[in-house]
Structures are given as structure tokens and as C-alpha cells.
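The values are calculated or read from the model by the stated rules, or taken from the named source; none is laboratory data. Source: prediction; values computed, not measured. For neighbour counting, all protein chains shown are included, and Cβ atoms are generated from backbone atoms with ideal geometry for every residue, glycine included. Just so you know, the surface numbers come from the protein's heavy atoms only, side chains and all, with ligands and any DNA or RNA stripped out. Shrake-Rupley method; radii C 1.70, N 1.55, O 1.52, S 1.80 Å.
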Amino acid sequence: MTTFVDRVELHVAAGNGGHGCASVHREKFKPLGGPDGGTGGQGGDVILTVDQSVTTLIDYHHSPHRKATSGKPGEGGNRSGKDGEDLVLPVPDGTVILDRQGNVLADLVGHGTSYVAAQGGRGGLGNAALSSARRKAPGFALLGEPGGLQDIVLELKTVADVALVGYPSAGKSSLISVLSAAKPKIADYPFTTLVPNLGVVTAGGAVYTIADVPGLIPGASQGKGLGLEFLRHVERCSVLVHVLDTATLESERDPVSDLDTIEEELRQYGGLDNRPRVVVLNKIDVTDGKDLAEMVRPELEARGYRVFEVSAVAHLGLRDLSFALAELVGKARAARPQEEATRIVIRPKAVDDAGFTVTREDEGLYRVRGEKPERWVRQTDFSNDEAVGYLADRLNRLGVEESLMKAGARSGDGVAIGPEDNAVVFDWEPTMMTGAEMLGRRGEDHRFEAPRPAAQRRRDRQAERDESQEEFDGFEPF
């Protein structure tokens, strides 16, 4: 069963905002109570947060679909709906968040670092919040906004100070087991290590972490063996340690050629040229291994490498190695720039920024894109004429109608608000009339009149009564 997962695709959905409520206060002996519809609750966010107790992404491998709770709708009596709860997903330290195209969205390093992967939808305003001096009793409320949806990729890059790299069976797992308290699987066959192992090393007063990366082979940077899957785990390491096998049974291999091969793979992977290197000649407890280490050491030192002859099995040379690595790690930490407090950047809106754009696409079709118009469309109940009229008023005040005229739109042209895959399309009829003087009965707007038999019958009866009253007023008694 898989116990270590360092790359998953996650599908997250934030909670929807609750709908606003259209209600009128009703109480005995208190006529004209006015609107009292409450606002809907906010939808919950989906937040990824670094948790030091989490070391793998296996939970999201088995359950890749996660959703936050939605907000509750508003109620009468000015009662707002309950907000949805945020969904906090713990991830390991060193998790990189990417979109499906491979673009980095966030790099989470450090306990408590968080990223909002999906934003919860806004709650819709109730008719109490929509009332004004000109619209005293709105017969509508705004709908809750849908929560955000996002497909993201999580990649784990181990956060360690030192990385052990080398061929399979070079003794990396044995070395980390004696330098730290880590207990990786150790056996005498290649690719024993299938996942990175992490250990903590104490050298005097210095404490640092060391990672054992699964064995690399020629072509690892192109996907051969296990290298491509785990090469990313060395990206964050400050020091690279080449573990070379001086007692290999393969006649075509030797420590120098192994070093050249691994260096070539690291070069092709990229981004690791500036890391200090240390060479460890392992297995000197074997007679042939000791002789070979003494033969190749001068050549390696001539290349500028610090060389250590060790034996993980016999515990030889480990103290000098651990203190040398602590020294290099200390220098790397000292060279890092000091962390500064996050600056608050204020970006004022440009004077000529209307917040939306109008573009002409096909013949007679104009598309409106902008955060406000698109949000207003999502929150409009199109089954309610008064709500549609309110939307028309808002778009007019924002300047959409004026921009359409400047773009050449004429009466009857199609106007689409929103992206191509999810837009509201309507035939545009220019009007500059706004305000409560356009309203009829609750839920109606004269700009969206449609034949209503019942309403027509009421108007006919009222006309008959008015005619009868006129005849009565003109009657002269004898």
C-alpha cells in the first residue's frame, strides 16, 4: 500500500453564498412594517496550511475532491444567514501549489504558511439592505454568489539542509541511519529506497536535517529509474553530498565515473549549480574499497571537492563528516537574507479605470467583462422583473450603457456579460431611466411588462368604475 505520496491533483470547491431574503415585516396594528429580509451568509473558503506534523500528501491521493460548506440563506426579521465554515487542509512543509498548466501559484514553506485555494461566495443582500429613499420596499433580494472552483496540483519538495545523492546501493540509507535516528529500509539490492527519508543530525551545538534521495541512474533527469520522481526533493537543500561506492561489484563502474554521471544528471535537471558539494567515499571497511578510496581521493581533491572516507557499517569517519556538514550548513544559513515583514502594497485604481471592458465580437454582439458586472449578473434573480430592473440600473450607473453606445451598439444588438462558457446574453434596449419611479407592484418593473390577463382585467374594471363615477358626477337632480 502506498504510504508516501509527493504529487497529487486536488479538486477544491468553496462554499456558495446564501441567498438574501425578500420579506416584509408583519405585526398586528403595525401597518407598513417595511422590508426586513436578512442577508445570506458567506460561503466557506478552502485554505491550504502548512502543518509540521504532516509529511505526505497521501490523504489527498485517496480523497482528491474537497468542498467547504455553504452559507445559509437570510430570513425575515432582519436575521442574517450563518456563514459557511472554512475548510482548512493541512499540507507538509515545502508544498508547491501549481495550476494544471504548471504555473506556480504558491510555495508554502514554514509552519502556518497558508494559501486560499478557493474563495467562498458572497452572501446575497436581503431586501432590507436594498431599500433606499427611492426604493422603500424592494420586492426582491440578491442571490448568493457561487463559490470558487479550482483544480490544482500539489508537489512536495522536501525541506532539508543536506541531500545525499548517488547510485542505488551506494550506502545512502545506511549513512543516514547512523548519522541520525532515521530508520530507513536497508537491503543489498538496488532501489531499496523508494521514498525520500529525512533525519535530524546533531553535531556539537549544531542541528540540521539530512535527506536520503532514492538512487539515481543515467537518464534520471529524463525519467529513467526513480530519479525524475524525486530529484525535486534536492532543490531546497543547501548542501549536496555525493555518496560513492568504493566496493561496487560492477566492473564498468568506479567512483569518479559515478560522480561524473550524477553531476551530469543534476546539471540537466538544473538549478543546483551553486550548491556546495561534498564527496563521501563509502564502504572503506572493505579491503578493496579502502584501496580504491586512496587511489581516487587525490583526483577528487584536485577537482576542488572536500573528500571524506567513511564506513556506515563500521562507523568510521562519521564524526568528521557530520561536523563538516554542520559547518557548511551554518554558512548557508548565515548567507540567507533576513526575512522581512510582509509589506502592505496599496495599488490605487487608475483614474480612467471603469472596472469593466466592452469589446465587439461577432456582428451585433458586444461582450462586457469586469468583476462587478459579472458578480451582479450572478446574484440576479432573472425570474423577478424588479430584480432585473435593479440590475439594469446598476449597470447604467456603472457606465456600461454609455460604453456600449460609444462602442457602436444599437437597439436590438446582443450583449453578453461574462466569459464565453458562462455568459448572460440579452438583446440590448438603451434606456436612461432609473429609480423607484419606474416600479410598479412588488416584484414588477414597467420596463419588463408582459401581457398579464389578470392585471388587464383589473385595469378594465377600474376604467369602468372611473367611467361610472364621471357619469354620476355629471347627473343633475330635479
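Failed condition for G120, given (1) crowded, with 20+ Cβ neighbours inside 10 Å; (2) more than 30 Å from E386 (Cβ to Cβ), with all others met?
Unmet for G120, out of (1) crowded, with 20+ Cβ neighbours inside 10 Å; (2) more than 30 Å from E386 (Cβ to Cβ): (2).
For the stretch 26-62, give me the residue count where each residue is crowded, with 18+ Cβ neighbours inside 10 Å and in a helix (DSSP H, G or I).
So the answer is 1.
Hey, any hits in the stretch 286-293 for a residue that's surrounded by fewer than 16 Cβ atoms within 10 Å (Cβ to Cβ) and over 19 Å from Y167 (Cβ atoms)? Before you say what the answer is, go through the steps one by one.
Residues of the stretch 286-293 surrounded by fewer than 16 Cβ atoms within 10 Å (Cβ to Cβ): 287-288, 291.
Checking which are over 19 Å from Y167 (Cβ atoms) leaves us with 287, 291.
Yes, because at least one residue in the stretch 286-293 is surrounded by fewer than 16 Cβ atoms within 10 Å (Cβ to Cβ) and over 19 Å from Y167 (Cβ atoms).
What pairs can you find where one residue is in the stretch 161-172 and of a type in the set (S, T, Y), the other is surrounded by 24 or more Cβ atoms within 10 Å (Cβ to Cβ) and at pLDDT below 80, and their Cβ atoms are less than 8 Å apart, with a gap of 6+ or different chains?
Note: pairs meeting the criteria are Y167/G215; Y167/L216; S169/G215.
Does the stretch 82-117 hold any residues that are buried (at least 17 other Cβ atoms within 10 Å of the Cβ) and of a type in the set (G, A, S), and which are they?
G84, G94, A117 - these are the residues of the stretch 82-117 that are buried (at least 17 other Cβ atoms within 10 Å of the Cβ) and of a type in the set (G, A, S).
Is it the case that the stretch 11-25 has a residue that's polar (S, T, N, Q), surrounded by 14 or more Cβ atoms within 10 Å (Cβ to Cβ) and touching a Pro at 6+ places or on another chain (Cβ under 9 Å)? I'd like the intermediate steps shown before the answer.
First, the residues of the stretch 11-25 that are polar (S, T, N, Q): 16, 23.
Now drop any that are not surrounded by 14 or more Cβ atoms within 10 Å (Cβ to Cβ), which leaves 16, 23.
Subset that is touching a Pro at 6+ places or on another chain (Cβ under 9 Å): 16, 23.
Checking the stretch 11-25: at least one residue is polar (S, T, N, Q), surrounded by 14 or more Cβ atoms within 10 Å (Cβ to Cβ) and touching a Pro at 6+ places or on another chain (Cβ under 9 Å).
I'd like the full set of residues that are part of a helix (DSSP H, G or I), buried (at least 24 other Cβ atoms within 10 Å of the Cβ) and at pLDDT 85 or above, limited to the stretch 231-261.
Answer for the stretch 231-261, where residues must be part of a helix (DSSP H, G or I), buried (at least 24 other Cβ atoms within 10 Å of the Cβ) and at pLDDT 85 or above: just P255.
Of all residues in the stretch 63-84, count the ones that are on the phi < 0 side of the Ramachandran plot and in a loop (DSSP other than H, G, I, E, B). Talk me through it step by step, then tell me what you get.
The initial filter retains those residues of the stretch 63-84 that are on the phi < 0 side of the Ramachandran plot, namely 63-76, 79-84.
Add one more test, that the residue is in a loop (DSSP other than H, G, I, E, B), and what stays is 63-64, 68-74, 76, 80-84.
The number of residues fulfilling the criteria is 15.
Spot the failing condition for D466; the list is (1) in contact with a Gly (Cβ under 9 Å, 6 or more places away or on another chain); (2) modelled with pLDDT under 85; (3) open to solvent by 60 Å² or more (accessible area, probe 1.4 Å), and only one is missed.
The single condition D466 does not satisfy is (1).
Any residue in the stretch 356-381 that's closer than 21 Å to A409 by Cα: show its pairings with residues that are part of a strand (DSSP E or B) and open to solvent by 80 Å² or more (accessible area, probe 1.4 Å) at Cβ separation under 7 Å, as long as the two are six or more apart or on different chains.
Hits for this filter: F356/R369; T357/R369; Y366/R360.
A quick yes/no check of all residues on (1) open to solvent by less than 80 Å² (accessible area, probe 1.4 Å); (2) under 20 Å from V162 (Cβ atoms):
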| position | (1), (2) |
| --- | --- |
| V278 | yes, yes |
| A302 | no, no |
| Y305 | yes, yes |
| G317 | yes, yes |
| D320 | no, yes |
| L328 | yes, yes |
| R336 | no, yes |
